[in-house]
Amino acid sequence: AAGVFNSRSLDGVHLTITAGPTREAIDPVRYISNHSSGKMGYALAAAAADAGAIVTLISGPTNLPCPERVTRVDTISAQDMFDATMGTLDNCQLFIGCAAVADYRPSSIAEQKIKKDNDSMHIELVRNPDIVSTVAKHSKRPITVGFAAETQDLLHYARGKLERKNLDLIIANDVSNTAIGFNANDNAVTAIWKDGDCQIPQMGKSQLAAQLISLIAEKFFAAKN
Ligand code: CTP
Ligand code: CA
């Protein structure tokens, strides 16, 4: 029944989760990245392991320790993260894309450190593959959950991503408010699915992660328990 979950709500469920930023190399000493800390993804990995899931955490570069009972795969670029994720899909029932994947990478990586020869310079960028949408198109498609990081029109853009990426659930995150989201310890989100939504007010990321894991377990694994 609603609101009644034991602590093993994802018992034996194989979960792959991406977390943290990616780094896109420009030359041997420089890269493009973003402010993601990985805290939300790591908190979700920990909460899922607590709920009995078998968790593979595909992590970009972070300063966080690996949660207990979680297998971490370290990656750097979006392409690395993509490859590592695809490698888990043969045996994956639930995927959560929490990483702040760089949308673009330099079209080529300079072999040597770029010198400041000119007053201006251009770096050509090309699109990275979209990990969560590729997962959602896979022949062994797991239940697929994404995040939407927005600075404006949060719910509108998030619902668009839910549909475009063919997700089961999207967690909408207002990253214009520095008290929540990206580098903060707290978060507040709206979880959105095809025919409903649910607001989760501002709280610590581990508490919020436990609530999101309960919601995912209730909505998508209820029949299996
Ligand atoms: N995502 C992904 N692979 C990418 C880009 C994004 O898996 N190359 C995932 C993120 O992990 C997140 C979701 O897609 O779960 C939405 O990411 P977001 O950056 O909000 O959306 P984008 O589709 O990249 O659109 P935009 O940045 O233009 O808003
Ligand atoms: Ca993006």
### Query
Just the accessible area per residue of region 34-131, please: how many Å² with a 1.4 Å probe?
56 Å²
### Carbon and sulfur %, accessible surface of the chain computed with the full protein complex present, 1.4 Å
47 percent
### Query
So what does Leu64 come to for accessible area, using a 1.4 Å probe and Å² rounded to 10?
50 Å²
### Cys66 versus Ile200: modelled label distance in nm, points set 7 Å from Cα along the beta carbon direction
2.4 nm
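Rank by packing, highest mean first: peptides 180-187, 114-121, with packing defined as the count of other Cβ atoms within 10 Å averaged across residues. Could the numbers behind the result be given before it?
Details: 180-187: 18.6, 114-121: 7.2.
Put in order of decreasing packing, that is 180-187, 114-121.
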### Task
Calculate for the chain the 222 nm mean residue ellipticity that helices alone would give, adding -39,500 (n - 2.57) per DSSP H run of length 4 or more and normalising by residue count, nearest 500 deg cm²/dmol.
-7500 deg cm²/dmol
### Query
What fraction, in whole percent, of alpha-carbon pairs in the chain exceed 27 Å separation?
31 percent
#### Entry: Rg/Rg_globular for region 90-203, with Rg_globular taken as 2.2 N^0.38 Å and Rg from C-alpha atoms
1.33
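At 10 °C and a viscosity of 1.306 mPa s, what translational diffusion coefficient does Stokes-Einstein give for region 30-122, taking Rh as the Kirkwood radius over Cα pairs? Give it in µm²/s as a whole number. Could you put the intermediate results ahead of the total?
Numbers: Rh = 15.3 Å.
Estimated diffusion coefficient is 104 µm²/s.
The values are calculated or read from the model by the stated rules, or taken from the named source; none is laboratory data. Quick caveat, the model's predicted, so the values are computed rather than measured. Glycine gets a Cβ as well: all are built from the backbone with ideal geometry, and neighbour counts include every protein chain shown. Just the protein is used for accessible areas: all its heavy atoms, side chains included, with ligands, DNA and RNA removed. Shrake-Rupley method; radii C 1.70, N 1.55, O 1.52, S 1.80 Å.
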